[in-house]
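Just below is one structure, and these are the notes that go with it.
The values are calculated or read from the model by the stated rules, or taken from the named source; none is laboratory data. Nothing here was measured: the structure is a model prediction, and the numbers come from that model. Positions of Cβ are generated from backbone atoms using ideal geometry, with glycine treated the same way; all protein chains shown enter the neighbour counts.
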Amino acid sequence: MNRFILLAYNIRSLWNIGSLFRSCDCFGVEKLILAGYTATPPRREISKTALGAEEWIPWEHHPEPHDVILSLSKEGWCIVALEQSEKSIPLEDYSPKEKTCLIVGHEVLGVPQEILTLCDDIVHIPMFGKKHSLNVSVAAGIALHQLRNR
């Protein structure tokens, strides 16, 4: 069975962070890495949305994500950003590796270029409406579901 880590970089909303904990629980993510200025538990707002998942999902915080990304890569994790770019491929066309670290980024700015350069792959969720993006926690849930079921 494939293994997954989720790395959330510079997430502003505490409710989004709580939602990420719940999605990690739902899709069997083995660890949530909170990076940059992403807030960490314990916070009432995180707990309200996580519904307790923050108590059993392993998590860690890293102010700077570069070293942890490089370390995961050396440990054999495939580093995959969820971001729209010229190099990204549609999520439904992507087959995850045995060990995949999915990176999601800032609600407005996404995953910055300096992190994208550290990634093995970049995937995106095709958009068919007038908006060209989703809420970060919704996008992460869709991506984890798709990756888990590949």
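Output yes when any residue across region 125-132 is in contact with a Lys or Arg (Cβ under 7 Å, 6 or more places away or on another chain) and either surrounded by fewer than 16 Cβ atoms within 10 Å (Cβ to Cβ) or among the β-branched types (Val, Ile, Thr) (or both), and no when none is.
Taking every residue of region 125-132 in turn, none turns out to be in contact with a Lys or Arg (Cβ under 7 Å, 6 or more places away or on another chain) and either surrounded by fewer than 16 Cβ atoms within 10 Å (Cβ to Cβ) or among the β-branched types (Val, Ile, Thr) (or both).
Of all residues being in contact with a Gly (Cβ under 8 Å, 6 or more places away or on another chain) and aliphatic (A, V, I, L, M) in region 12-50, which is surrounded by the most Cβ atoms within 10 Å (Cβ to Cβ)? Just the residue, please.
ALA50
Do any residues in region 73-99 that are free of Cβ contacts under 8 Å to residues at least 60 places away in the same chain and more than 22 Å from ASN149 (Cβ to Cβ) have Cβ atoms under 6 Å from those of residues that are hydrophobic (A, V, I, L, M, F, W, C) and surrounded by 16 or more Cβ atoms within 10 Å (Cβ to Cβ), where the two are at least six apart or on different chains, and which pairs are they?
Once the first residue is free of Cβ contacts under 8 Å to residues at least 60 places away in the same chain and more than 22 Å from ASN149 (Cβ to Cβ) and sits in region 73-99, its partners that are hydrophobic (A, V, I, L, M, F, W, C) and surrounded by 16 or more Cβ atoms within 10 Å (Cβ to Cβ) give SER73/ILE79; SER85/ILE122; LYS87/ILE122.
Being of a type outside the set (A, V, I, L, M), farther than 9 Å from ALA81 by Cβ, surrounded by fewer than 20 Cβ atoms within 10 Å (Cβ to Cβ) and touching a residue at least 60 places away in the same chain (Cβ under 8 Å): is that true of HIS106 here?
Spelling it out, HIS106 is indeed of a type outside the set (A, V, I, L, M), farther than 9 Å from ALA81 by Cβ, surrounded by fewer than 20 Cβ atoms within 10 Å (Cβ to Cβ) and touching a residue at least 60 places away in the same chain (Cβ under 8 Å).
Among the helices (runs of 4 or more DSSP H) contained in region 10-108, which hold 2 or more residues that are at pLDDT 95 or above and under 14 Å from the mean Cα position of the chain (by Cα)?
The qualifying helices (runs of 4 or more DSSP H) are 14-26, 65-74.
Does LEU14 satisfy the condition of being in contact with a Lys or Arg (Cβ under 7 Å, 6 or more places away or on another chain), under 28 Å from HIS132 (Cβ atoms) and touching a residue at least 24 places away in the same chain (Cβ under 8 Å)?
yes
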